[in-house]
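Below is one structure, written out as structure tokens; the observations come after it.
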Amino acid sequence: MNQFEARATSGVKSLHPYQPGKPIDELQREYGVTDVVKLASNENPLGPSPVVLAALQNEFADLARYPDGNGFELKQALAARHGVDMAQITLGTGSSDPLEFVVRVFVQPGDEVMFSQHAFAMYPIITQAASATAVVTPANDWGHDLDAMRAAITDRTRVIFIANPNNPTGTWLGGEALQAFIADVPERVMVVVDEAYFEFASDPALGAGDYPDATQWLDRFPNLMVTRTFSKAYGLAGLRVGYSLSHPDVANLLNRIRPPFNVNSLALAAACASLDDTDHVRRGVMLNAEQMNVVTTAVKKMGLDFIPSVGNFVCIDVGEDAAVVYDALLYEGVIVRPVANYGMPRHLRVTLGREEENTRFLAALGRALCSSHEILER
Ligand SMILES: *Cc1c(COP(=O)(O)O)cnc(C)c1O
């Protein structure tokens with residue numbers, strides 16, 4: 001351990017940073033492949049809407065100015081959209097920001113933060129960075145087990161993270177069960193419902209009729225916080241903008257540690273414009289439901305299992321040699337996401353792309369499975 005590491009906080013010393021999906025440029029550099037299909041980070045394959053691009057163009061003239069530190073216009077639009085007060089909103093550089101803020105505000109070293117096995121990787125990272133104790137409850141059929149979570153609450157529990165649906169598993173909780181759970185959690189514990197994939201999951205075509213909108217419960221539960229993002233269905237992952245809704249007293253605390261200009265002027269303009277372009281979001285959501293059907297049907301035909309998902313991604317069980325299959329796909333110019341770091345060494349998580357991208361993935365997967373069997377038999 002070098003002298004600087006020795007001085008780092010106990011949490012940071014043993015912290016492993018978030019592993020993002022492999023960037024397209026990196027694959028081109030390392031493997032010499034061109035024409036890369038990236039299905040690794042749950043981005044929107046349609047990209048941002050033309051309305052958003054025009055709003056961005058409009059913003060270029062003012063780039064010398066600081067953005068509106070309060071994000072008034074965006075907050076006003078979000079308040080109207082959700083029927084909440086502007087004082088309940090905390091804007092972030094992605095929804096990752098408010099997810100981190102809630103831990104920094106409420107969790108001291110040694111306190112407990114709870115989340116499920118196979119839950120989104122940011123939760124353990126945020127917890128560890130705060131030198132807090134992660135309480136990881138066992139999953140039930142890949143999904144969050146609310147009974148196990150209820151049973152694991154202690155006097156030291158400060159925050160419970162629930163991703164609905166969860167990434168990478170795509171599993172979701174129905175409204176009745178989730179609301180009953182939140183009602184059982186002591187009010188001194190913050191419950192964070194992460195709805196990064198809300199727009200996809202609430203599409204009845206994906207088949208989750210009981211999928212709830214947790215923002216509807218904010219009045220009932222002062223300890224509830226809900227996060228949303230522009231990174232997924234809105235196609236703005238590169239601009240980094242998201243937000244949380246909570247009780248105004250909670251938002252006030254979160255906003256105290258929010259860096260003053262954490263949402264830049266391009267992101268603010270794009271987010272505002274994208275909220276108005278409901279047709280574009282709708283197109284992406286419809287494409288997603290359709291392609292979920294195409295991909296899972298094809299995967300089934302190959303004799304593979306998958307975890308039913310209401311996100312814009314699906315985890316496919318490719319067998320013991322998932323790392324080999326992942327690598328074989330890279331050679332074909334197809335980037336998916338290995339999830340061994342989520343305790344899922346047999347699965348690959350695949351983002352649903354455009355039809356032609358998914359077709360390429362499926363063809364490459366067929367070939368990769370054949371060649372990985374040859375490698376194992378050798
Ligand atoms: C993608 C994702 C997020 C959001 O990330 P941003 O910081 O908003 O880009 C949050 N939670 C989950 C579960 C996700 O998959």
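The values are calculated or read from the model by the stated rules, or taken from the named source; none is laboratory data. Only a predicted model underlies this, so the values are computations on that prediction, with no experimental measurement involved. As a convention, Cβ positions derive from the backbone with ideal geometry for all residues, glycine included, and neighbour counts pool all protein chains shown. For accessibility, only protein heavy atoms count, side chains too; no ligands or nucleic acids. Shrake-Rupley method; radii C 1.70, N 1.55, O 1.52, S 1.80 Å.
Over the chain, dividing the summed -39,500 (n - 2.57) contributions of all DSSP H runs of at least 4 residues by the number of residues returns a 222 nm mean residue ellipticity of -12500 deg cm²/dmol. Residue by residue, region 50-65 carries 3J(HN,Hα) couplings of x, 4, 5, 4, 5, 5, 5, 3, 4, 7, 4, 4, 9, 5, 6, 8 Hz when phi is fed to the Karplus relation 6.51 cos²θ - 1.76 cosθ + 1.60 (θ = phi - 60°); x denotes Gly or Pro. In sequence order, region 210-221 has phi-based couplings of 9, 6, x, 9, 5, 5, 5, 9, 4, 5, 7, 10 Hz under the Karplus curve 6.51 cos²θ - 1.76 cosθ + 1.60, θ = phi - 60°, and Gly or Pro positions carry x. Report the Rg/Rh value for the chain, based on alpha-carbon coordinates and the Kirkwood definition of Rh. A ratio of 0.96. Cα gyration tensor of region 68-220, axes a ≥ b ≥ c as square roots of the eigenvalues: rounded (a/c below 1.5), prolate (a/b > b/c) or oblate? Oblate shape, in that a/c is at least 1.5 and b/c is the bigger or equal ratio. Would you mind classifying region 34-89 by shape? Square roots of the alpha carbon gyration tensor eigenvalues, ordered a ≥ b ≥ c; an a/c under 1.5 is rounded, otherwise it is prolate if a/b is larger than b/c and oblate if not. Taking the square roots of the gyration eigenvalues as a ≥ b ≥ c, region 34-89 is oblate. Of C272, C370, C315, the order by accessible heavy-atom surface (1.4 Å probe, DNA, RNA and ligands excluded), from most exposed downward, is C370, C272, C315. Probing with 1.4 Å while keeping every protein chain in the model, the per residue accessible area of the chain equals 45 Å². About its Cα centre, the chain has a charge dipole of approximately 640 debye under the convention of +1 per Lys or Arg Cβ and -1 per Asp or Glu Cβ, with nothing else charged.
For the chain, which whole percent of the accessible surface, found with a 1.4 angstrom probe, sits on carbon and sulfur atoms? Here it works out to 51 percent.
Peptides 141-147, 222-228, 105-111 ranked from most to least packed by the mean count of surrounding Cβ atoms within 10 Å: 222-228, 141-147, 105-111.
Here are some pairs, K22/K75; K13/K75; K13/K232; K75/K232; which of them have Cα atoms lying more than 27 Å apart in this structure? Distance filter (> 27 Å) returns K22/K75; K13/K75; K13/K232. Compute the Cα gyration tensor for region 1-44, then decide on rounded, prolate or oblate, letting a ≥ b ≥ c be the square roots of its eigenvalues: rounded whenever a/c is under 1.5, prolate when a/b is larger than b/c in the other cases, and oblate in all that remain. Cα axes put region 1-44 in the oblate bin. Counting only DSSP beta bridges with both residues in the chain, the antiparallel share comes to about 50 percent.
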